[in-house]
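Structure record follows, encoded as structure tokens.
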Amino acid sequence: MSDFLIDEELLAAIDMGSNSFHLAIARVDHGEVKKVASMSEKVQLAAGLDENKNLTEAAQQRGLACLARFVGRLGAVQPNRLRIVATNALRQAKNGHEFIQKAAEILPKPIEIIAGREEARLIYLGVSHTMANSGRRLVVDIGGGSTELIIGEEFEPIHTESVQMGCVAFTKAYFQDGEISAKAFDKAVTAARKEISGIANTYKEAGWDAVVGSSGTIKACRQICINMGWSNDKEQLTREGLEKLKDKLLKYKYVSDMEFEGLKEDRRAVLPAGIAILYAVFDVLGINHLVYSDGALREGVMYDLLGRFKHEDIRDRSVHALIGRYNADAKQAERVVQTAQKLFNDVASELGLSVEDSDLLRRAAYLHEIGLAISHSGYHRHGAYLLQHSDIAGFSQVDQNHLSHLVAHHRRKLRADAKIDVMKVGGSKLLWLCLLLRLSVLVNHSRSDEMLPAIELKVENAQQWHLSVSGDAKQWPLLVAELHDEQQQFKNWEIELSIQSEQFVN
């Protein structure tokens, strides 16, 4: 990725929601994201999850066809200025990897499956950049498979939560076959109340000055209320208007019977479930009215991407927050980072490594010792677990999986079966980064700021690496012994490491 993004260049985001897929294309104008084109399709990926949580072939084909159409609209957008994020449906799908592999043949960039709280953070980022500052906000976004609730001020989220209730999932659970009844509606509301109750006290204690809705469900409910004369003079969605909307809805027996002015046909089937969820949110959190924002996940993704170009990468803030949270040795982390970057630069061109690979290695080097907060014994495994299972702002599930593998393999023996696992997760590049991190940690084993030996790494090919160590090797007897042992570890992963020094025989 280049270090900057100039005005007029294009950014794009694809949001693979559980109900709809969205494409947004924007240009950068004086540091702001100005949308120039957009496209949305109802794919209803969540509706394609069978009883075993596998995506059906039909749902996969709907998604792939939509993505192919989106790619045709990308035009001049460069791949490094595009992000593709997937949410709840692919988080839930047991066979999601199959869909991602098929999509990789269509898309110019990999799909990033993001965790619920990361989705919430990005939604808040999109809303906060597309609305005037109004103090502390509560943002509500009802998706197809989950609902995100965020409290924040200006551009910073304070509380982020993603709860398992969405208009597609609730339609499958409570309004199958398009039938509407008071009993089904009450069941849906009760289920939604249960989902929200776990966060209600925390959110109420935090408080907010304004409530913002940002989803298609909320947009539809608000527009219907405006059209029916159930809104206030600020065209907000009110508790009274929502009550009237619910009463009107329950007069119909089937979704096909519903007559609401302004209701789009592709929103019809999921509207009862959406109203039930929104009704529960208003009730449990004591909301009286909300305003609507067009800003949502895709806008947040583009602003997050813009921040990366402007060296305001939330991922680096998250890394340093983790170092502080787990009281890791920041000085040692910095030593390992410096060595890792040096070794990376030595071989990046020959191995075809990218700036993104450099960023991944750097972040893993910073975080390689966080597992010590749990126990010294097996701390590499503890660190890997923390990185795999924590909510880390800015990182996709793939990002966290890669970080986890790097930290897991930065010390101790390298097994042949572990190589197979690493290759499956991230290919040769991830394997090479694991080895670069191991060497970087090993060289800094003394945990000292004293002068280290000069090192240089060269690769004859991907399987033959040469490490030159110069200086008085008698000053580093432990390093000499460990480098000798490391040659065997490299062999376990089918890479020959030769070491040039007066202390070594190749």
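Where Rh is the Kirkwood radius over the Cα pairs of the chain, the temperature 25 °C and the viscosity 0.890 mPa s, what D in µm²/s does Stokes-Einstein return? Mind showing how you got there, number by number?
Details: Rh = 24.9 Å.
After rounding, the answer is 99 µm²/s.
Please compute the contact order of segment 313-449 in relative form: average sequence separation of alpha-carbon pairs under 8 Å and at least six residues apart, divided by the residue count, as a percent.
28 percent
When the chymotrypsin sites (Phe, Trp or Tyr not before Pro) in segment 4-94 are filtered for DSSP coil states and for at most 10 other beta-carbon atoms within 10 Å of their beta-carbon, the remaining sites are PHE4.
Please compare each pair in LYS194/LYS251; LYS34/LYS109; LYS109/LYS429; LYS102/LYS424 to a cut-off of 18 Å on the Cα-Cα distance and tell me which ones are over it.
LYS194/LYS251; LYS34/LYS109, as the Cα separations exceed 18 Å there.
Backbone phi angles across segment 172-184, fed through the Karplus curve with coefficients 6.51, -1.76 and 1.60 (θ = phi - 60°), yield HN-Hα couplings of 4, 7, 10, 10, 5, 6, x, 8, 10, 8, 4, 5, 5 Hz in residue order; Gly and Pro are listed as x. Listed values for segment 199-216 are Karplus-derived 3J(HN,Hα) couplings in whole Hz (6.51 cos²θ - 1.76 cosθ + 1.60, θ = phi - 60°), namely 10, 4, 5, 4, 5, 5, 5, 5, x, 7, 9, 8, 10, 10, x, 9, 10, x, and x replaces Gly and Pro. Here is the list for segment 200-259: trypsin sites (Lys or Arg not before Pro) lying in DSSP coil, each with at most 15 other C-beta atoms within 10 angstrom of its C-beta, are LYS234, LYS251, LYS253. Taking other residues whose beta carbon is less than 14 angstrom from the beta carbon of LYS102, and scoring Lys, Arg as +1 and Asp, Glu as -1, yields -2. Subtracting the Cα-Cα distance of GLU356 and SER470 from their residue separation scaled by 0.36 nm leaves 38.0 nm. What whole-number distance in Å separates the alpha-carbon centres of segment 42-89 and segment 155-211? Comparing the Cα centres of segment 42-89 and segment 155-211, I get a distance of 25 Å. Expressed as a whole number of Å, what is the distance separating the alpha-carbon centroids of segment 409-458 and segment 214-240? When both Cα centres are located, 57 Å separates them.
Within the shell of other residues whose beta carbon sits under 13 angstrom from the beta carbon of ASP316, the net charge comes to +1, with Lys and Arg scored +1 and Asp and Glu -1.
Restricting to bridges with both residues inside the chain, how much of the DSSP beta-bridge set is antiparallel, in percent to the nearest 5?
Numbers: 42 of 61 bridges.
In the chain, DSSP labels about 70 percent of beta bridges as antiparallel.
Per-residue counts of other Cβ atoms within 10 Å, averaged by peptide: what ranking do you get for 380-390, 309-319, highest first? Walk me through the numbers on the way to the answer.
Numbers: 380-390: 19.5, 309-319: 16.0.
Most protected by this proxy first, the peptides run 380-390, 309-319.
Is the shape of segment 39-123 best called rounded, prolate or oblate, per the rule: a/c under 1.5 gives rounded, else a/b larger than b/c gives prolate, else oblate, with a ≥ b ≥ c the square roots of the Cα gyration tensor eigenvalues? Write down the numbers at each step before the final one.
Values: a/c = 1.85, a/b = 1.30, b/c = 1.42.
In terms of gyration-tensor shape, oblate.
Charging the Cβ of each Asp and Glu at -1 and of each Lys and Arg at +1, and nothing else, the dipole of segment 10-113 about its Cα centre rounds to 280 debye. Equivalent ellipsoid of segment 313-449: semi-axes from √(5λ) of the C-alpha gyration tensor, largest first, are 20, 17, 16 Å. For the pair segment 296-322 and segment 340-363, the centres of their Cα atoms are 21 angstrom apart. Could you work out the relative contact order of the chain, using alpha carbon pairs under 8 angstrom and six or more residues apart, expressed as a whole percent? Normalised by residue count, the contact order of the chain is 12 percent. Overall shape: prolate for segment 389-482, with the ratio a/c of the largest to smallest alpha carbon gyration tensor axis at 1.5 or above and a/b above b/c. With all pairs of separate Cα atoms included, segment 211-329 yields a Kirkwood hydrodynamic radius of 16.8 Å. On the principal axes of its alpha carbon atoms, segment 131-293 extends 42, 33, 23 Å, with the longest extent given first.
The radius of gyration of the Cα set in segment 94-151, together with its Dmax, comes out at 15.1, 45 angstrom. Using just its DSSP H runs of length 4 or more, each adding -39500 (n - 2.57), the chain gives a mean residue ellipticity at 222 nm of -15500 deg cm²/dmol after division by all residues.
Based on DSSP, what percent of beta bridges with both residues in segment 1-130 are antiparallel, to the nearest 5? Numbers along the way, then the final one.
Numbers: 18 of 26 bridges.
Roughly 70 percent of the beta bridges in segment 1-130 run antiparallel, per DSSP.
Among the GluC sites (Glu not before Pro) found in segment 133-201, those both in a DSSP coil and sparsely packed, with 13 or fewer other Cβ atoms within 10 Å of their Cβ, are GLU154. Structural descriptor for segment 266-392: relative contact order 21 percent, calculated from alpha carbon pairs under 8 angstrom and at least 6 residues apart.
Each value in this text was obtained by applying a stated rule to the coordinates, not by laboratory testing. If you're wondering where the values come from, they're calculated on a predicted model, not measured in any experiment. Backbone-built Cβ (ideal geometry, glycine too); neighbour counts: all protein chains shown.
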